[in-house]
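Scroll down for the structure; my scribbles are underneath it.
The values are calculated or read from the model by the stated rules, or taken from the named source; none is laboratory data. What you are looking at is a predicted structure, and each value in this text was computed from that prediction instead of being measured. With ideal geometry, Cβ positions are generated from the backbone for all residues, glycine too; neighbour counts draw on all protein chains shown.
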Amino acid sequence: MQAGSAWQARQNASSQLARRHARYLFSVPLAVRYLMPGGFRITRGMSVDISEGGISAIVEADLQIGETVGIDIPLKSGQLNTVAILRYHTSSRAGFEFLGLTMDERRQIAVAGRVS
């Protein structure tokens, strides 16, 4: 193994240890539902990647870190309607942590991520 390859292998192993779930590139349109004064709003977005723990997406809503939202994600096995917390938000991306997924929903996400 070359020095560069060994370094890359260590970096990959280190990244996987820091994450609880494997991430998969996953690009599908999605809907985010959130509460505003006067009621619920829906914004559309595009996912970037997904894991059993959460999803990263491009969304245009003015969301606050820690805010709880509903997310509708089309999977090959059917529509996943779930609740998530916004964990980070930059000008180009938002990161959501899923809440209360069942083992079956986690399996569906893992399968969808590996297939896409």
Just name the residue that is modelled with the lowest pLDDT out of those in segment 31-41 that are surrounded by 12 or more Cβ atoms within 10 Å (Cβ to Cβ) and of a type in the set (A, V, I, L, M). LEU35
Filter segment 14-30 down to the residues that are surrounded by 16 or more Cβ atoms within 10 Å (Cβ to Cβ) and not in a loop (DSSP other than H, G, I, E, B), then identify the one that is modelled with the highest pLDDT. LEU30
Here the residues within segment 73-82 that are surrounded by fewer than 15 Cβ atoms within 10 Å (Cβ to Cβ) and in contact with a strand residue (DSSP E or B) (Cβ under 7 Å, 6 or more places away or on another chain) are GLN79, ASN81
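Rundown of residues vs (1) in contact with a Gly (Cβ under 8 Å, 6 or more places away or on another chain); (2) more than 21 Å from ILE109 (Cβ to Cβ), yes/no style:
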position	(1), (2)
ALA22	yes, no
ARG33	yes, no
ILE42	no, yes
GLU52	no, no
ALA57	yes, no
For segment 43-60, name all the residues that are surrounded by 12 or more Cβ atoms within 10 Å (Cβ to Cβ) and either modelled with pLDDT under 90 or over 21 Å from THR90 (Cβ atoms) (or both). GLU52
